[in-house]
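Remarks on the structure that follows.
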Amino acid sequence: GQQLNQSPQSMFIQEGEDVSMNCTSSSIFNTWLWYKQDPGEGPVLLIALYKAGELTSNGRLTAQFGITRKDSFLNISASIPSDVGIYFCFGTGRRALTFGSGTRLQVQP
Amino acid sequence: GAGVSQTPSNKVTEKGKYVELRCDPISGHTALYWYRQSLGQGPEFLIYFQGTGAADDSGLPNDRFFAVRPEGSVSTLKIQRTERGDSAVYLCASSSTSGGEGEQFFGPGTRLTVL
């Protein structure tokens, strides 16, 4: 099946810093979604991307759908303590629904 | 309710037993998905329903796993002869978009522990 490589695996940053994480694949996806998961809860949708090259923002979050349709990145600006959690990319394609392995974000106040 | 709900929130069972996990999707969502999430990993796709039918069950690991959605709303994931390796969080998601693509909204999950 299709595999997603998500990096970095974890990040420890200071409050106020910007954060960037990305996912790459050897296969093409039609949709890229980014989710955040807190302990003991289900993933919560942050941003959805539907077109190659699309750049979308949601508050302090910005995500892009790579032009080759094989990658996506998520940026978080001016991080705050409540940004702590695990971030997952999620690609959907022809008979493929694939999550990345996650980026664990810790924010030091 | 407003979101996806799953019951029970926790289930502890013994090896070899049968378990059922329930998912109530967002009202009106025609697509429903089951995923399994092991500790420290991303969710893994199990099965996708469009309406009452399983549109894609390619993620079910073996024939001990089965899911139904008889009326196109609530779904039940059934696991026979549970094994310790089945221990994980089972997540359900629903979507108003068909075709397996589009925004999916997740429930809180059921944590299954097989002793």
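May I ask you to give the solvent-accessible area per residue for chain A, in square angstrom, as obtained with a 1.4 angstrom probe?
Details: 5240 Å² over 109 residues.
Per residue, chain A has 48 Å² of solvent-accessible surface.
Count Lys and Arg as plus one, Asp and Glu as minus one, and take only other residues whose Cβ is under 12 Å from that of B:G16; the net charge is then +2.
Counting heavy atoms of the protein chains alone, B:F66 has an accessible area of about 120 Å² for a 1.4 Å probe. Ranking A:S26, A:S7, A:S72 by Cα position along the charge dipole of chain A, where only Lys, Arg, Asp and Glu carry charges on their C-beta atoms, puts A:S26 farthest toward the positive end. For chain B, treating each Cα as an identical point scatterer without solvent, what Debye log10 I(q)/I(0) comes out at q = 0.16, 0.22 1/Å? Cα-only, vacuum Debye calculation for chain B: -0.66, -1.24. The phi torsions of region B:62-75, fed into the Karplus equation with coefficients 6.51, -1.76 and 1.60 and a -60° offset, translate into couplings of 6, 6, 7, 9, 8, 9, 9, 8, x, 10, x, 10, 5, 10 Hz, rounded to whole numbers, with Gly and Pro shown as x.
When only alpha carbons of region B:24-67 are considered, Rg and Dmax amount to 11.4, 32 Å. Protein heavy-atom accessible surface, 1.4 Å probe, per residue over chain B: 47 Å².
Taking the alpha carbon gyration tensor of chain A, what are the square roots of 5 times its eigenvalues, largest first, to the nearest whole Å? Walk me through the numbers on the way to the answer.
On the way: eigenvalues 107, 41, 27 Å².
So the three semi-axes of chain A are 23, 14, 12 Å.
Got a number for carbon plus sulfur as a percent of the protein assembly as shown's accessible area, 1.4 Å probe? Please report the intermediate quantities before stating the final value.
Details: 5050 of 10590 Å².
Roughly 48 percent of what the probe reaches on the protein assembly as shown is carbon or sulfur.
The Cβ shell under 15 Å around B:E103 holds other residues with a net charge of 0, Lys and Arg each +1, Asp and Glu each -1. At the residue level, B:D57 shows approximately 90 square angstrom of accessible surface with a 1.4 angstrom probe and all protein chains present. Separation of region B:1-46 from region A:22-53 is 20 Å, based on Cα centroids.
Of the lysine pairs in the protein assembly as shown, how many meet both conditions: Cα atoms under 24 Å apart, and a spacing of 8 or more in sequence or different chains?
On the way: A:K36/A:K51; A:K36/A:K70; A:K51/A:K70; B:K11/B:K78; B:K15/B:K78; B:K17/B:K78.
Taking the Cα cut-off of 24 Å, the pair count is 6.
Between B:P108, B:S73, B:S58, the Cα set farthest toward the positive side of the dipole of region B:53-115 (charges on each charged residue's Cβ, about the Cα centre) is that of B:P108.
Per the Debye formula with a single identical scatterer at each Cα and no solvent contribution, what log10 I(q)/I(0) holds for the protein assembly as shown at q = 0.07, 0.13 Å⁻¹? Debye output, listed in q order: -0.22, -0.75.
A loss of 20 Å² or more of accessible area (1.4 Å probe, protein heavy atoms, ligands and nucleic acids excluded) relative to the isolated chain is seen in these residues of region B:88-113: B:G100, B:E101, B:G102, B:E103, B:Q104, B:F106, B:P108. Counting only Cβ charges, +1 for Lys and Arg and -1 for Asp and Glu, the dipole size of region A:1-102 around its Cα centre is about 600 debye. Contact with the other protein chains removes 50 Å² or more of accessible area, compared with the isolated chain and a 1.4 Å probe, from these residues of region B:1-49: B:P43.
Ballpark to the nearest 100 Å², how much total accessible area do B and A bury together, probe 1.4 Å?
1500 Å²
The values are calculated or read from the model by the stated rules, or taken from the named source; none is laboratory data. The shown structure was predicted, so the numbers you read here are calculated from the model rather than taken from an experiment. Virtual Cβ from ideal backbone geometry, glycine too; neighbours counted across all protein chains shown. Accessible surface is based on the protein model in full, side chains and every heavy atom, while ligands, DNA and RNA are left aside. Shrake-Rupley method; radii C 1.70, N 1.55, O 1.52, S 1.80 Å.
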